[in-house]
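Report on the following structure.
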Amino acid sequence: MAFLADQMKCFDMKIVVYLRRQDERIESGYLQVLRDSNFRFNGDIEAYIKFLNNHPRRTDYYEFLKPWVKSFGKSNIFIKLYGEEKGPDKLVPGFLKVCNIPNLHLFVPDTENVNLAFKPIVNSLLQKINKVPMSPHIHLKIVECFNFISKHVIGYGNVKSHKLLAEARREQIIEQYKNSNSKVAKEYLNKDNGLFE
């Protein structure tokens, strides 16, 4: 971050960070790493949670923000809650507004290449396919086929339809990050009650 800040010192830098509650971030992230042709994750969601726990800055947002603040200054960090900004009609205009970019009506969201969730059966197949050695190029072609099938034959799913986390597990995750989220809410979102959402 320090190197990036030094390279960009001639510019008016704004760092826009979109955060989502960790249980939702974990579910969405898990489905994403299944289709990542370089990563090709093949474990279950608990294995993914273990991976994230070994890389705590990915989900401990207060710690995640520290190096950015150190390099760019707190006044240049803008936190947005993903749930409040979700959807093509909100995400892009919200980002452009933070960056003080005029003429928002000139920016038309790309609705053709939207990142949509596969149905549970497709992700189950991907998890099994990811155990088979293959090049990233071949894996990418398989994911493209699943995209085509989802778009034209079986339809897309959504994260909630996968039922990846039991309610008790979800509550554990929310509790695990409660202190970190409270600090983010108070220090970055000006929420005196410390509520993250």
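The values are calculated or read from the model by the stated rules, or taken from the named source; none is laboratory data. This is a predicted model, so every value here is computed, not measured. Cβ coordinates were reconstructed from backbone atoms using ideal geometry, including for glycine residues, and neighbour counts include every protein chain displayed.
Values for this structure:
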| item | result |
| --- | --- |
| Options TYR156, TYR188: the member that is modelled with pLDDT under 95 and in contact with a Leu (Cβ under 6 Å, 6 or more places away or on another chain) | TYR156 |
| Residues (touching a Leu at 6+ places or on another chain (Cβ under 9 Å) and of a type in the set (Ser, Thr, Tyr)) located in the stretch 18-47 | TYR18, TYR30, SER37 |
| Residue match in the stretch 146-154 (condition: polar (S, T, N, Q) and buried (at least 16 other Cβ atoms within 10 Å of the Cβ)) | yes |
| The stretch 1-28: number of residues that are among the aromatic types (Phe, Trp, Tyr) and free of Cβ contacts under 8 Å to residues at least 24 places away in the same chain | 2 |
| Residue pairs meeting the criteria (Cβ under 6 Å; at least 6 apart or on separate chains; first over 21 Å from ILE26 (Cβ atoms) and hydrophobic (A, V, I, L, M, F, W, C), in the stretch 60-71; second surrounded by 13 or more Cβ atoms within 10 Å (Cβ to Cβ) and modelled with pLDDT of 95 or more) | none |
| Within the stretch 33-53, considering residues that are surrounded by fewer than 18 Cβ atoms within 10 Å (Cβ to Cβ) and charged (D, E, K, R), the one nearest to the chain's Cα centre (by Cα) | ASP36 |
| Only one of LEU125, LEU96, LEU116, LEU91 that is assigned to a helix (DSSP H, G or I), modelled with pLDDT under 80 and not charged (D, E, K, R) | LEU91 |
| The lone exception for TYR30 - which of (1) buried (at least 18 other Cβ atoms within 10 Å of the Cβ); (2) hydroxyl-bearing (Ser, Thr, Tyr); (3) farther than 30 Å from VAL132 by Cα it fails | (3) |
| Residues of the stretch 150-183 satisfying the condition of being part of a helix (DSSP H, G or I), out of contact with any helix residue (DSSP H, G or I) (no Cβ under 7 Å at 6 or more places or on another chain) and not acidic (Asp, Glu) | LYS151, HIS152, VAL153, ILE154, LYS160, ALA168, ARG169, GLN172, GLN176, LYS178, ASN179, SER182 |
| Subset of the stretch 138-166 (residues that are without any contact (Cβ under 8 Å) to a residue 40 or more places away in the chain and either of a type in the set (Ser, Thr, Tyr) or farther than 28 Å from PHE39 by Cβ (or both)) | SER150 |
| Any chance LYS66 is within 20 Å of the chain's Cα centre (by Cα), among the basic types (Lys, Arg), at pLDDT 75 or above and farther than 23 Å from ARG35 by Cβ | yes |
